[in-house]
Amino acid sequence: MKRFSSQKKPGKKATFKGPRQSRQAVPPESSTYKFEPLNPWLMCGPDTTVTELWKVRERRDKETRYHLVYFDRYGWYCEHGAACEAVAEVRRIVRTVRTMSADSPRRRSTGDAGKR
């Protein structure tokens, strides 16, 4: 007769091993990112649907990883997948730049340019 791992052997008592030791939480390594905007028309061709293209350099300690993050009609993606951390970083940068440009003071026309 085969015994399954869930079945106890006859005559054996369950032993109490005490509380489980929790592993110490290791803080995640902080990454630094450098961003370079690229021209999607030059990189992908004139028939592309990509409207934003970013080259991202991610550094963790001594390890460097490169990403190509792009925005097209389907949304934001990285060559490593949509869940890649670089996508969130680029979206944050783009949102910051757009907010800064929207908040910047606009040059107002004086209306007397043609009167001189």
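Here are a few things to note about the model shown:
- Identity of the residue in region 69-101, among the hydroxyl-bearing types (Ser, Thr, Tyr) and within 15 Å of LYS55 (Cβ to Cβ), that ends up nearest to the chain's Cα centre (by Cα): TYR77
- Annotation: of all residues in region 39-59 being crowded, with 16+ Cβ neighbours inside 10 Å and in contact (Cβ under 8 Å) with a residue 24 or more places away in the chain, the one that is farthest from CYS84 (Cα to Cα) is PRO40.
- Filter result for LYS62 (under 15 Å from the mean Cα position of the chain (by Cα) and open to solvent by 50 Å² or more (accessible area, probe 1.4 Å)): no
The values are calculated or read from the model by the stated rules, or taken from the named source; none is laboratory data. Predicted, not measured: the structure shown is a model, and the values here were computed from it. Note that we place each Cβ from the backbone using ideal geometry, even for glycine, and neighbour counts take in every protein chain shown. Surface areas here come from the heavy atoms of the whole protein model, side chains and all, with no ligands, DNA or RNA. Shrake-Rupley method; radii C 1.70, N 1.55, O 1.52, S 1.80 Å.
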